[in-house]
Structures are given as C-alpha cells and as structure tokens.
Amino acid sequence: MPRRLTIALSFTVLAATGVFFFVRPGEPGAHATSHAGIHKIRHVVIVMQENRSFDSYFGTYPGADGIPRDGHGFTVCSPDPRSGRCFKPYHDHSNRNTGGPHEHLDAMRDLARGRMDGFVREARRGLTRGCLRHPTIPICSLGARHPDVMGYHDWHEIPNYWSYARHFVLQDHLFQPDTSWSLPAHLFMVSEWSARCSVEHDPTSCVNALENPTAPPGEPQNPIGIRPDYAWTDLTYLLHKHHVSWRYYVFAGGEPDCETGAMVCAALRQRAKTPGIWNPLPWFDTVRDDHQLSDVTSISHFFRAARHGRLPAVSWVTPNNHVSEHPPSLVTNGQAYVTNVINAVMRSRDWRSTAIFLAWDDWGGFYDHVAPPRVDQNGFGLRVPALVISPYARRGFIDHQTVSFDAYAKFIEDDFLGGSRLDPATDGRADPRPDVRESMPQVGDLALDFDFHQKPLPPLILPLHPPFS
C-alpha cells in the first residue's frame, strides 16, 4: 500500500478526534504562508520542559515520523550488554520514568555513528555510575532493575499533549540545538551559543563550550563559587536595542537537571534571583548592562500578566524539578503544569495575538530513531517533542521541517526585530561564535506553521488532571 494512502487511512480512523494534514517543504502549499501576517503575533511564549525524545512522546502519533515498524511490530531495538537481549520499543504506562544520562558523550554513544542503538547500554552505565555516588536516591533501586529508555507514551498517558498536536501543530523534526545537557541547551535557547569566556566583559575572549560552559556558583562543576561571565551576545540584547519587552519566568523549587546531564544527583535550589542551570540570563553582561535583571522574575508574574492581558512580547517559562518531566518527576505533574500555563494564555485577552512554542530541552537518554543532521561543531542533537500553539496555527498540521531552538530566535527576530540576527557582523558585539544559527539553511521557517488568513482558532481549555491510563 502506498505510504500516502496508509497515512490517509490513519487520518480517517482518527477523524473523530481531530483534523490531520501535513505538508513537506517544497510540496505545493508549503510556502502558502508568508511573513505578511507575522505581526499578528504580538506575544511569543516559549515553554521549555525537560528530557524527552520525540519517539518517547509522539513515536506512534499518526502521520509523524515515528518509530519504524512493519505489519509484525517495531523493527528497531537497542542491545543490552547485561542480558544479551536487544530491547524493542514498548508502550510504557508508568507515570515515573528513569531515562538515561545525557551529556555529550552519552549523546555520541546513543547515536552510535547513526545506528541509533546505544540507549539501553548508556542507561545501564548511567545508573551504575550515578548510584555508586548516591545509593539512597530512589531512582537507583527503581531504574537498575527496569531501564525504560525504550518505552514510549501516547494519548493514554499524555492526552493533553496529543490534543495540542491534533488541534494545532506538531513538529516531528525539531532537534535540540546541541549534543549536550541542559545548561548548554538553555544558553542556546537565549543566545544561539554555548561558550566560556576567559576575560570578563570581553566577548572576543569567548570560545566554544559544547559540554562545559562555566556553571553558576553552587553547581558541582563550580564548587568554589567562580562567578560566570557570559560575555557573548544574547537575544535580550537585540530585544532591548529595539525596545521589545521580554521576561524570563522561573518556577522556584529544585533545579530540574543534574550537572552535566548525570542521571542521579542531589537537587539544588533555584529561584528567579538565583542564577542556575535553568536561569542563565543574570550572568549575561548584556542583561546587567541594560539594567534588565528585574526582567528575570518568578512565574507568578507570568500568570498575573496573562490574567490582565499584559504579556510581554517575548516570554520564556521554565519549570522546577517537580513539574519538569525530568525523570524521576511524574509525567502527570509536568503535563498539569504545562496545561496550566497554556490555559492561562488561552483565557487571556492576549490569546488572539500569541504564539506558544512548547518543547523539551534534550532527549534525556530516551530512544529516538532519527539520526540528527550535523550542522556545525555543536549539533544538532537528538530530536525532542515540539508543538506550536496559536489561534493562527495550522490546525492538525505536522511540520516535517528540520528546525531547532534557533527557529524560535529566527521567528522572534522576523516578527519583532525586522529580521535582525545575532550576527557579530551586524549586531554591534563582536563575539567569535562559529556561525549565525538563524541563517543556516538547515533551520526551517516557523512561519510555515501559521495561516495568518484563517479565522483564529478558539482556545482549547484542557483539564489539568485528565485520566491517566
């Protein structure tokens, strides 16, 4: 049966739950959306969660580039050196997962030169290494017996995420920006680069640091409290220069990730006024020089701004460990938190002019079958789940474009900054970043996920705690 017909039949089966269609770049209709209506979006909200691969959340979603299978079941597996078995993907009904380690070396070993079969081996190694250091942490007794990196969830466990995909846009080729862990990923999210700087306040002294940018004080990588200085240019510099409002919202609590992507560690505290792995902006020279430290604030201010219809032009929203979906945090806690954030926007009068970009910062050691394209010395990393939610989002659209977090910056720059880029040749700050990510041919255009001529889609208010099965 032709693949297109097979997909069409899948859509027919699920017609009662939503409308599905997809367009590949280059096919008729792929460029039907122009930038002509992009300024209808006056608020961009980036919601970043933790540690899930695309296949672990949407690997069985109809029409998506999901887990390979034939008429007899899944055709891929990951060998386990302990048991001698090769573990195939399976439906994981658990609310609590263990995942795998997710530093640069783990990414390389998971990728296994494109074979995409190192996941179980790395999960075993990560548990052994972490539990020797922290044997009393519950994940050790749970995960050592039951590596779960080949497990996947679907609408039974994450019904709200699948509802967002049915009603708005699912991106099935969004890759994390780097082959590394949370701190580099978040530096890329706000600045398109991860670096170390040898001279304070000198962007020309910064060098590429895929795995080990200077961590904030208190992190195990920085026990003596060296004050990081992120001297290169971040997106807030351009936003401030163009008088565009922004806020970085932090949910106080424990940090969602361990140092350098380890599986097991003792939790550190985070809050808006304490820079950390998930809160790097206060260490950027530009934020301090522009007197914008107060724009890094608590998540309560996000809900207040949404309630009063006063969202800034650009928002980043970050969780704490309890709601981050980083193993072993409960999947349901993360989904409830994300739903609460999205419901708040949808109930706001700002909904009609908002685009929400929801993604997970790295793969967390979970299986994915798609080898990422190599775009430069930093990435891309593995695929992660990603959704575009907006009244102008194409309903039921599956976007197959190759993109990363760079596409978020590109959309913001095209919408609010007249197409200005984080480019040392034009932005007025000469840092030696290896490339201008937003201008790379491998970074697609998120404007294709919108139809600015359609009747705006209504809010989709979902329950915070839908049935979990």
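Miscellaneous remarks
- When Arg310 is tested against (1) over 26 Å from Ser78 (Cβ atoms); (2) not in a loop (DSSP other than H, G, I, E, B), just one condition goes unmet, and that condition is (2).
- Selection count where residues are open to solvent by 40 Å² or more (accessible area, probe 1.4 Å), closer than 13 Å to Met116 by Cβ and assigned to a strand (DSSP E or B), scope the range 66-85: 1
- Members of the range 325-355 that are at pLDDT 95 or above and in a loop (DSSP other than H, G, I, E, B): Glu325, Arg347, Ser348, Arg349, Asp350
- Only a single item in (1) surrounded by 23 or more Cβ atoms within 10 Å (Cβ to Cβ); (2) outside any loop (DSSP other than H, G, I, E, B); (3) out of contact with any strand residue (DSSP E or B) (no Cβ under 7 Å at 6 or more places or on another chain); (4) modelled with pLDDT of 95 or more is not met by Ser294, and it is number (1).
- The residue that is surrounded by the fewest Cβ atoms within 10 Å (Cβ to Cβ), counting only those in the range 275-291 that are without any contact (Cβ under 8 Å) to a residue 24 or more places away in the chain and not in a loop (DSSP other than H, G, I, E, B), is Asp289.
- Checked against (1) at pLDDT below 95; (2) part of a loop (DSSP other than H, G, I, E, B); (3) of a type outside the set (Phe, Trp, Tyr), His322 passes all but condition (2).
- Of the residues His102, His91, His72, the single one that is farther than 19 Å from Ser180 by Cα and in contact (Cβ under 8 Å) with a residue 60 or more places away in the chain is His91.
The values are calculated or read from the model by the stated rules, or taken from the named source; none is laboratory data. From a predicted model like this one, the values you see are computed outputs, not experimental measurements. Counting neighbours? That spans all protein chains shown, and the Cβs are built from the backbone with ideal geometry, glycine included. Each accessible area value is taken on the protein alone, full model and side chains, heavy atoms only, with ligands, DNA and RNA left out. Shrake-Rupley method; radii C 1.70, N 1.55, O 1.52, S 1.80 Å.
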